[in-house]
Amino acid sequence: MYGKDDVRVEERERPAIVEPTDAILRVTASCICGSDLWPYRGLDATAQPTPMGHEYVGVVEEVGADVRSVKVGDFVVGSFFASDNTCEICASGYQTHCVQRQPGAASGGQSEYLRVPLADGTLVATPGMPDADLVPSLLAASDVLGTGWFAAVAAEAGPGKTVAVVGDGAVGLLGVLAAKQLGAERIIAMSRHADRQQLAREFGATDIVTERGDEGVTRIKELTGGLGAHSTIEAVGTQEAMMQAIRATRAGGHVGYVGVSHDVSLPGLELFFSGVHLHGGPAPVRRFLPELIELIWNRTIDPGKVFDLTLPLEEAAEGYRAMDSRRAIKVLLQP
Ligand SMILES: [Zn+2]
Ligand SMILES: [Zn+2]
């Protein structure tokens, strides 16, 4: 990423083991994240050319001397921050806030090879080599599915609950899938795009709301006997989306927010009187990886459906354009 509207595919040095806890992966599939669009649109500054990509699956090529849980030849799924998975914060399920957390794994995944720090804590091996049709779903687990899942868990989606989902990008759509898996009774997806509404329904949405902002809130209230949703997933990160999520939630309900916050500021008095729980942030995908891999492996869920465009890695720039213009929901890059 060179800056606004400027993505180039270039030869870089092949990564090598630096720390004895590192692993080197041959990346078999990577993808473009909605969060990659913030710098692409110039909304996050890019000071210098930055290797992109934090969602990846691949085969372990090499491990450092201290790596124990993954070995050369394993097919692995990683999470977007490297974590040791042993400190108190990791043990409590918040690996994205690990005391040793490193964004190392969060940079350079859109490539042929990737160095992953803290490999034992960060990577999870699949039961074997996956069939080709499982690869997109396993790739989704590395961020968008894990993030949508965390949002649903943070929003306390579950049996008997009505879940509203703000945002129809890949994370919001997989938040729908997660809410369904967690047993939600009713799932209201907020979307104005026919193709995304269709996928939301396939993933388990029972209602679609096309209105946004205050009108969207009114519509959710109408659908929930005037009370609002029990659980709301916020998967956008803007002021409008966050306020829409809070206002669409009933008193005592929960908002799970996973859209990377951009200039969101919360009015304290409104929050005070809302009686709504807020929980979210960068999803601890690593917490959920073993469970998600199992659900994908036994073909219970098919989150890979969010990838509606696959391109060779060399055409990454076209992938960014397709996502930026919303021609594609999510782009898979094949090295
Ligand atoms: Zn991502
Ligand atoms: Zn940790």
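The values are calculated or read from the model by the stated rules, or taken from the named source; none is laboratory data. Since the structure is predicted, the reported quantities are computational estimates derived from the model, not experimental observations. Quick reminder, even Gly has a Cβ in these numbers, built from the backbone with ideal geometry, and neighbours come from all protein chains shown.
In the stretch 22-43, the residues that are under 17 Å from Val331 (Cα atoms) and within 13 Å of ligand 1 (Cβ to nearest atom) form Cβ pairs under 6 Å with partners that are assigned to a strand (DSSP E or B) and not hydrophobic (A, V, I, L, M, F, W, C), at six or more places apart or across chains, as follows: Ser30/Tyr56.
For Gly108, state whether it is on the phi > 0 side of the Ramachandran plot, within 15 Å of ligand 1 (Cβ to nearest atom), surrounded by fewer than 22 Cβ atoms within 10 Å (Cβ to Cβ) and outside the structural domain of Val163 (by TED's automatic domain parsing). When the stated conditions are applied, Gly108 passes them.
Within the option set Leu227, Leu313, being touching a strand residue (DSSP E or B) at 6+ places or on another chain (Cβ under 8 Å) and surrounded by fewer than 17 Cβ atoms within 10 Å (Cβ to Cβ) holds for one residue only, Leu227. Applying the criterion of being surrounded by fewer than 19 Cβ atoms within 10 Å (Cβ to Cβ) and polar (S, T, N, Q) to the residues of the stretch 79-100, the residue that is farthest from ligand 2 (Cβ to nearest atom) is Ser92. Of all residues in the stretch 91-103, one or more are in a loop (DSSP other than H, G, I, E, B) and within 16 Å of ligand 1 (Cβ to nearest atom).
One line per residue, one yes/no per condition, for (1) modelled with pLDDT under 95; (2) over 16 Å from the mean Cα position of the chain (by Cα); (3) within 16 Å of ligand 2 (Cβ to nearest atom):
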residue: Ala106; (1), (2), (3): yes, no, yes
residue: Tyr113; (1), (2), (3): no, yes, no
residue: Asp120; (1), (2), (3): no, yes, yes
residue: Ala140; (1), (2), (3): no, no, no
residue: Val166; (1), (2), (3): no, no, no
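Within the stretch 173-184, not a single residue is touching a strand residue (DSSP E or B) at 6+ places or on another chain (Cβ under 8 Å), surrounded by fewer than 24 Cβ atoms within 10 Å (Cβ to Cβ), in a strand (DSSP E or B) and among the small types (Gly, Ala, Ser).
When the residues of the stretch 121-145 are narrowed to those that are under 21 Å from Thr310 (Cα atoms), in contact with a strand residue (DSSP E or B) (Cβ under 9 Å, 6 or more places away or on another chain) and outside any loop (DSSP other than H, G, I, E, B), which ends up nearest to ligand 1 (Cβ to nearest atom)? Among those that are under 21 Å from Thr310 (Cα atoms), in contact with a strand residue (DSSP E or B) (Cβ under 9 Å, 6 or more places away or on another chain) and outside any loop (DSSP other than H, G, I, E, B), it is Val144.
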